[in-house]
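The next block holds one structure in the form of structure tokens; read it before the comments.
The values are calculated or read from the model by the stated rules, or taken from the named source; none is laboratory data. Remember, it's a predicted structure, so these values are computed and weren't measured experimentally. Cβ sites come from the backbone with ideal geometry, for glycine too, and all protein chains shown count toward neighbours. Note: areas computed on protein heavy atoms with side chains; ligands, DNA, RNA excluded. Shrake-Rupley method; radii C 1.70, N 1.55, O 1.52, S 1.80 Å.
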Amino acid sequence: MRALIQRVAHASVTVEGERIGQTGLGLLILICAMAGDGEAQADLLAAKIARLRIFKDEAGKMNRSVLDIGGGALVVSQFTLAADTSRGNRPGFSSAAPPAEGERLYEYFAAQLAAQGVPVETGRFGADMKVELLNDGPVTIWMEA
């Protein structure tokens, strides 16, 4: 699985003009299941992200996790994280998991992150989503499992 994590002051996702998910101070997590991924990869990422120390402590150092600050997460499926740009000018996405498996693992990941104690809201798999965010820092981190 691939994840792009952004520390945000706030983030929201809208589908067809309706806001379906949001978070205040916390994380926007764009997530993509890759072909061959399973629950083990989702478990690893959920545990790691919940404890990832990217929020400032009293001394201004990145030393606190989303759990430490009582923040939340907005989890949005993003199959384009599987983009292969090694040839030509049009990315290929054949390394992404098939849609049914991608959706299952996306939902599983969100549930596992919530099980870690992080309040989670989500986008809608496969929908045309509009994501708004205020990146805090900016802090943006790429992770793979």
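Side notes on the structure shown:
- Estimated 222 nm signal from helices in the chain, with DSSP H stretches of n ≥ 4 weighted -39500 (n - 2.57), rounded to 500: -7000 deg cm²/dmol
- Within the accessible area of the chain, the carbon and sulfur atoms contribute 49%, probe 1.4 Å, all protein chains present.
- Three-way shape label, region 64-145, alpha-carbon gyration tensor, a/c 1.5: prolate
- Residue (of A42, F55, L4) at the positive-pole extreme of region 1-56, dipole from beta-carbon charges: F55
- Shape index of the chain: Rg/Rh, with Rg the Cα radius of gyration and Rh the Kirkwood radius from the inverse mean 1/r over Cα pairs, equals 0.97.
- Counting only protein heavy atoms and a 1.4 Å probe, the chain has 53 square angstrom of accessible area per residue.
- Coil-residue GluC sites (Glu not before Pro) of region 2-98, DSSP, other Cβ within 10 Å capped at 11: E16, E58
- Potential lengthening between E39 and N89 on full extension [0.36 nm per residue; Cα-Cα distance subtracted]: 14.7 nm
- Note on region 49-104: Rg/Rh from Cα positions, Kirkwood definition for Rh, rounded to two decimals, is 1.20.
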